[in-house]
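The values are calculated or read from the model by the stated rules, or taken from the named source; none is laboratory data. Just so you know, these numbers come straight off a predicted model, no measurement behind them. As a convention, Cβ positions derive from the backbone with ideal geometry for all residues, glycine included, and neighbour counts pool all protein chains shown.
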């Protein structure tokens, strides 16, 4: 249990450090949904363009956990028993909510609040409130 806490704390510090470096060196906010949207919607997507860094950032998000598992020996999460259809529906709902909320939890919660954005504070409180209500409904009422 203590190892989980230490790993999560180190992970949180690395995320914060990466967000600080990105803002300091690129002048960009490391909100994942914004990076993904700009990567797929920008017509100049070659890796050497000014948009290319987004693809390297996204590749790092995919390669990082693989390396953590292979090199550092971290365990992989257990697959969900909810099924493929539920995963697709959940992904579409998350994508819709991200677009509706003008960003994702990482963009608002980590990068927005640290810049004292009132909009990000309200969005993060809505994310947390929605999670609390969802857990209550699924654990107590269903």
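Pick from region 79-102 the residues that are in a loop (DSSP other than H, G, I, E, B) and touching a helix residue (DSSP H, G or I) at 6+ places or on another chain (Cβ under 9 Å): which of them is farthest from residue 138 (Cα to Cα)? Steps first, please.
The first filter runs over region 79-102 and keeps only residues in a loop (DSSP other than H, G, I, E, B), leaving 79-83, 101-102.
With the extra rule that they be touching a helix residue (DSSP H, G or I) at 6+ places or on another chain (Cβ under 9 Å), the set shrinks to 80, 82, 101-102.
On the way: 80: 16, 82: 14, 101: 23, 102: 27 Å.
Among them, the one singled out is 102.
Only one of these is under 18 Å from the mean Cα position of the chain (by Cα), over 14 Å from residue 33 (Cα atoms) and at pLDDT 85 or above: 135, 122. Name it. Write out each step before concluding.
Details: 135 fails: under 18 Å from the mean Cα position of the chain (by Cα).
So the residue among 135, 122 that is under 18 Å from the mean Cα position of the chain (by Cα), over 14 Å from residue 33 (Cα atoms) and at pLDDT 85 or above is 122.
Working carefully through the options 89, 94, find the one that is under 14 Å from the mean Cα position of the chain (by Cα), free of Cβ contacts under 8 Å to residues at least 12 places away in the same chain and surrounded by 11 or more Cβ atoms within 10 Å (Cβ to Cβ). Working first, answer last.
Numbers: 89 fails: under 14 Å from the mean Cα position of the chain (by Cα).
Matching residue, one of 89, 94: 94.
Can you tell me which of 74, 116 is under 22 Å from residue 19 (Cβ atoms) and touching a residue at least 24 places away in the same chain (Cβ under 8 Å)?
Working: 116 fails: touching a residue at least 24 places away in the same chain (Cβ under 8 Å).
Matching residue, one of 74, 116: 74.
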